[in-house]
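Comments concern the structure below.
The values are calculated or read from the model by the stated rules, or taken from the named source; none is laboratory data. Values in this document were obtained by computation on a predicted structure and should not be read as measured data. Cβ placement follows ideal geometry from the backbone for every residue including glycine, while neighbour counts extend to all protein chains displayed.
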Amino acid sequence: MSQYEEELVVLLLRDIYGDIAATVVDTLLKYGRLTLQLISRYSKLPLAAIQRALVPLVQNRFVLYWVDENAGSDNATYVTSTRNMYNIVRSGMFVSFVLDRFPDTSGAPDIVKNLLLYGHIRASDYLAAQSASQAAVSKSAITLLLQRKLLTTLRRHEFNPQSDLYMRIFKRRLAAIPRSKAVSEAKREGQAHSEATEEFNALKRVHDDINDGLVAAADGIGSSSTRGHSLTGSLPSKTVDESAVLALNHEKFAVLMRAQILRHLVAQRIGKVTAAVYGKVLDCMEPKLFRCVDNTYKAITVTSLEVLHSLDASIELASALAMRSSKKRSRSASSRASKRQKRRHGTEDSAGESDDSMGSNNISDLESSHQHDDNEDGDDEDDNFANSSRMEHLNFHLALLSCNQNLPFMTKVGNKGGGEWTIDFDMLTARVRELEYDKLITQKQGAIACRLLRIIRDKGRIDEKQLARIALLPPKDIRSQLTALHEIGCLDLQEVPRGTDRAPSRTYYLWYHKPKCAYALMTQAVLKTMVRCYARVIEERGRRPSVMTKLLREDVRLDEVNMLTPAEREELRRVRGVEERFIAHMTKLDKHVLIFRDM
Amino acid sequence: MPSVKAPKAGSSARAASQPYTMPLSPPASSASSSGSMHLLENLSQLAQTMYNKMMNSMPEGHIYTQTALTELVGISDPLRLMRLIQENMNMGLVKMLQQGDELCYQAIKKEDAEKIQAMTKDEAMVYSYIESSGTEGIWTKTIKAKTNLHQSVVQRCLKSLESKRYIKNIKSVKYPTRKIYMLASLQPSIDVTGGPWFTDSELDTEFISSLLSIIFRYVMSESIPTEDDKPLVPAPTSKKTNRKFTKNEKKEEIVYDQLSYPANYSGYPSQTQIHEFVQTSGITTVELAQSDIKALLDVLIYDGKIETIDHGMTYRAILGATADDETSAEASEYDSIWSYGPFL
């Protein structure tokens with residue numbers, strides 16, 4: 001949690017849920033855990049208003065509550081969950097993602113939109129509010145979303161703060177272990193802690209179960225509509241458990257966004273075809289990945305065969321392969337010969353080519369015949385590769401993905417099923433973070449600063465002279481760059497005195513880079529920018545009060561074309577244009593938050 | 001140039017004999033008359049023979065121990081030998097060195113000896129220190145400290161020596177403000193000049209960046225396939241009859257433009273190849289060593305333009321990197337991130 005993240009969420013809440021909700025959250029963020037009475041006292045708001053404001057906040061799990069077992073329900077305390085509130089920023093991405101994967105008619109986008117509005121919904125309530133035919137569609141959509149883990153079920157305890165929950169489990173566990181003289185108190189507590197951690201993690205992992213929120217289909221509704229889907233094809237038909245409470249699964253969404261980022265990186269570094277293949281590899285792993293940062297993560301493997309089966313037949317795998325052209329190959333070999341030839345023909349550049357084709361002298365004769373041979377060889381290889389199996393084509397791409405030691409997109413771990421592959425996400429995301437950070441530094445400070453940062457990262461701790469020598473830059477030029485990097489928290493300086501006197505002239509100054517700290521500061525900077533963006537959106541709206549207040553009317557909102565004057569429409573169009581730009585910008589910025597913090 | 005060798009030999013002698021003592025007994029200023037024959041003429045016959053033997057029996061700059069001299073001249077009486085040596089030393093024809101605990105002797109060329117004989121006592125002393133500094137050069141302050149001469153005297157000596165073109169003033173990369181002198185006939189060492197990257201003791205950034213861009217272009221041309229490196233299977237749009245593509249229309253939908261060498265491709269350039277390319281292309285007349293090329297390649301790696309593969313044996317360009325320092329098109333995707341300035 002940070003200053004700017006807090007500012008951002010309060011700003012978002014003020015815009016979406018109103019002033020009172022924002023004030024309540026602001027008070028909670030300022031003072032920490034509070035009871036209802038205390039919120040009222042600090043925020044100087046009437047109790048009833050706070051109660052009304054708290055309802056949507058608790059529904060969305062923006063504010064979590066805790067009722068101590070020993071105290072009555074009057075003594076409920078409230079705590080904010082900044083992470084849940086921050087997820088509002090991602091709601092647009094979530095909807096567009098679902099729209100991308102599921103057709104508009106499937107009902108899935110509607111469910112997501114409703115969940116974004118209400119926070120959580122009991123499945124039966126949602127279905128009951130719709131007509132019978134609509135409900136059937138929605139039911140299968142919910143089933144599908146649950147299977148894809150984009151939806152998750154909520155239990156009662158998920159509205160409680162995790163720390164309280166853990167302490168309750170710990171206390172119960174501790175009480176269960178009998179006191180004895182043979183076991184020290186510290187050991188007893190240690191045992192209770194490990195037991196509690198296990199139970200706590202198990203509580204979280206309930207949602208990882210493939211049948212979470214699903215029951216065996218009693219009638220044909222669930223099964224008939226999902227039978228055709230490849231994901232559920234092999235599974236026994238399931239349908240949504242109507243008593244389940246549904247919510248959006250932002251953890252899973254982060255996993256999917258990470259996959260997109262990785263895929264994009266492959267497209268940049270290797271190529272689009274390979275990126276398509278990599279996307280399939282990630283898709284194959286996806287059902288087993290529940291969250292980005294997972295302490296209990298076990299390496300997931302995928303075989304080449306699995307990838308091959310899921311690969312779209314229309315993707316032309318073989319066309320991406322290049323061979324060293326015979327022209328280039330012979331160029332280095334015959335460079336001496338061609339030089340001699342050029343000398344003979346003077347300095348004309350065009351002469352070389354025509355001579356090659358005409359074969360006017362011995363050397364070019366030799367050369368052209370040599371080239372011809374090469375071409376024929378190449379063609380043979382062409383045919384071999386073109387006619388070889390799709391599996392071989394796939395292996396070509398998989399090898400490309402795994403061959404780079406600097407950026408290992410995946411690694412081979414076995415030969416089962418044509419090759420067994422795994423992805424070391426920790427290492428890969430660390431590299432992605434580095435690359436992203438470098439990109440931002442290049443943007444902000446220039447290529448030279450980025451060069452210096454990379455050297456410092458590579459060497460650990462390094463003094464300015466040495467740095468100048470490696471970077472091949474004059475020392476006076478790099479100092480300003482280094483201080484600029486220091487200012488934004490990218491670098492730190494360590495003093496190592498050579499003697500006891502600590503005189504500056506007799507001190508080494510070593511620059512170093514602490515990734516964790518640097519990324520955190522960068523995230524803060526990004527969050528600050530997001531706050532500014534959103535504040536600007538609100539400001540832009542505030543500058544046109546008349547049209548904005550008019551737009552609050554229900555009838556105007558439903559029929560903008562007729563109810564607004566052309567001038568007002570033009571004004572509205574302009575505001576919306578600005579709004580769109582800033583919101584899109586925030587989405588871009590959120591990608592950095594995802595990379596540096598949540599990935 | 002014969003005069004080049006003598007100080008070089010001097011420097012090697014310096015390296016051999018660490019605690020280098022004042023090499024010369026003060027030259028007799030009386031014998032300042034010029035003419036190379038004069039120096040030898042002033043010697044006794046035996047001393048002349050000894051000098052000639054020292055000069056001729058071994059390559060120039062050879063260091064003789066006393067025993068070696070005894071054998072060379074054939075005089076076993078140390079006192080007599082000493083007298084002959086002293087005679088030579090008085091004329092500045094033999095230099096005394098210390099190697100460990102042992103005293104050694106070195107013959108000086110007649111021309112050099114004559115040069116020294118022509119100098120004043122102070123000049124000769126200053127000259128000897130400058131000479132002993134070899135290709136590193138010596139700071140005027142150090143000369144002053146070692147000779148114990150007054151500043152103005154040292155200045156006068158340096159001025160007169162410089163005007164005679166015996167010594168020259170050089171600029172050091174490490175200490176740009178210091179006045180450093182060395183023998184006029186020598187080339188400053190790499191430590192002083194800073195190696196190939198320095199021109200007039202300043203880092204030649206333009207030279208470096210042009211080399212960087214040339215090497216990058218070369219690596220790119222060798223490691224990123226172009227249209228010439230035709231794909232083994234023609235792209236869906238090309239027309240070749242012997243291919244069996246039935247679903248042409250479907251292929252049209254997804255047109256991916258990618259060309260990659262296979263993972264086991266072995267044609268990426270190595271450091272040696274790149275070195276060879278730079279040498280033969282005639283981009284620069286400056287002699288670049290393999291280590292210099294390595295330094296350039298390291299910088300390119302740190303710039304995120306190339307990467308090593310095969311455990312650092314070969315290099316390849318990173319896709320999307322550009323030769324110039326300007327931010328690439330791909331990076332400009334984020335250009336507006338800072339426009340609202342988180343660090344405002």
Among the candidates A:TYR86, A:TYR42, which residue alone is touching a Phe, Trp or Tyr at 6+ places or on another chain (Cβ under 7 Å) and of a type in the set (Phe, Trp, Tyr)? A:TYR42
Pick from segment B:296-310 the residues that are without any contact (Cβ under 8 Å) to a residue 24 or more places away in the chain, at the interface with another protein chain (Cβ under 7 Å from one of its Cβ atoms) and not aromatic (Phe, Trp, Tyr): which of them is farthest from A:LEU407 (Cα to Cα)? B:ASP298
Which of the residues belonging to segment B:173-186 are at pLDDT 80 or above and in contact with a helix residue (DSSP H, G or I) (Cβ under 7 Å, 6 or more places away or on another chain)? B:LYS179, B:TYR181, B:MET182, B:LEU183, B:SER185, B:LEU186
Number of positions in segment B:202-228 that are in contact with a helix residue (DSSP H, G or I) (Cβ under 7 Å, 6 or more places away or on another chain) and over 17 Å from B:ALA295 (Cα atoms): 1
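So that you can scan it fast, the table gives a plain yes or no per residue for (1) modelled with pLDDT of 90 or more; (2) at positive phi; (3) in contact with a strand residue (DSSP E or B) (Cβ under 7 Å, 6 or more places away or on another chain):
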| residue | (1), (2), (3) |
| --- | --- |
| A:LYS459 | yes, no, no |
| A:HIS486 | yes, no, yes |
| A:PRO504 | no, no, no |
| A:HIS513 | yes, no, no |
| A:VAL526 | yes, no, no |
| A:MET530 | yes, no, no |
With the condition kept exactly as written, say whether any residue in segment A:124-135 is under 30 Å from the mean Cα position of the chain (by Cα) and crowded, with 18+ Cβ neighbours inside 10 Å. yes
Could you tell me which residue of segment A:262-274 is farthest from the other protein chains (Cβ to nearest Cβ), considering only residues that are over 19 Å from A:THR422 (Cβ atoms) and not basic (Lys, Arg)? A:HIS264
When segment A:401-440 is examined, which residues are found to be part of a helix (DSSP H, G or I) and among the aliphatic types (A, V, I, L, M)? A:LEU401, A:MET427, A:LEU428, A:ALA430, A:VAL432, A:LEU435, A:LEU440
Filtering segment A:481-494 for residues that are touching a Phe, Trp or Tyr at 6+ places or on another chain (Cβ under 7 Å) and part of a loop (DSSP other than H, G, I, E, B) leaves a count of 2
Please verify whether B:ILE254 is at pLDDT 80 or above and of a type in the set (A, V, I, L, M, F, W, C), treating the condition exactly as stated. no
Looking at this structure, is A:LYS113 buried (at least 20 other Cβ atoms within 10 Å of the Cβ) and among the basic types (Lys, Arg)? no
Is it the case, given these coordinates, that A:GLN443 is facing another protein chain (nearest Cβ under 9 Å) and assigned to a loop (DSSP other than H, G, I, E, B)? no
Within segment A:449-468, of all residues that are surrounded by fewer than 18 Cβ atoms within 10 Å (Cβ to Cβ) and under 21 Å from B:ILE293 (Cβ atoms), the one nearest to the chain's Cα centre (by Cα) is A:ASP458
Total residues in segment A:69-81, condition under 14 Å from A:LEU34 (Cβ atoms) and either free of Cβ contacts under 8 Å to residues at least 40 places away in the same chain or of a type in the set (Ser, Thr, Tyr) (or both): 4
Subset of segment A:286-321 (residues that are within 14 Å of chain B (Cβ to nearest Cβ), aliphatic (A, V, I, L, M) and touching a residue at least 24 places away in the same chain (Cβ under 8 Å)): A:LEU311, A:ILE315, A:LEU317, A:ALA318, A:ALA320, A:LEU321
Where residues in segment A:387-431 are more than 15 Å from B:TYR261 (Cα to Cα) and facing chain B (nearest Cβ under 9 Å), which of them is modelled with the highest pLDDT? A:LEU407
Picked from segment A:461-492 (must be over 21 Å from B:VAL173 (Cβ atoms) and among the hydrophobic types (A, V, I, L, M, F, W, C)), the residue farthest from the other protein chains (Cβ to nearest Cβ) is A:LEU491
Quick one: is A:ALA76 surrounded by 13 or more Cβ atoms within 10 Å (Cβ to Cβ), out of contact with any helix residue (DSSP H, G or I) (no Cβ under 6 Å at 6 or more places or on another chain) and among the small types (Gly, Ala, Ser)? yes
Picking from B:MET54, B:MET82, B:MET50, B:MET96, the residue that is touching a residue at least 40 places away in the same chain (Cβ under 8 Å) and more than 31 Å from the chain's Cα centre (by Cα) would be B:MET54
Elements of type helices (runs of 4 or more DSSP H) contained in segment A:495-599, each with 2 or more residues being under 19 Å from the mean Cα position of the chain (by Cα) and free of Cβ contacts under 8 Å to residues at least 12 places away in the same chain: A:566-593
Search result, residues across segment B:255-288 that are away from chain A (no Cβ under 12 Å), in contact (Cβ under 8 Å) with a residue 40 or more places away in the chain and not hydrophobic (A, V, I, L, M, F, W, C): B:SER270, B:GLN271, B:THR284, B:GLU287
Output the strands (runs of 3 or more DSSP E) that fall wholly within segment A:188-289 and possess 2 or more residues being at pLDDT below 90 and either under 21 Å from the mean Cα position of the chain (by Cα) or within 25 Å of A:LYS139 (Cα to Cα) (or both), or say none. A:214-216, A:238-240
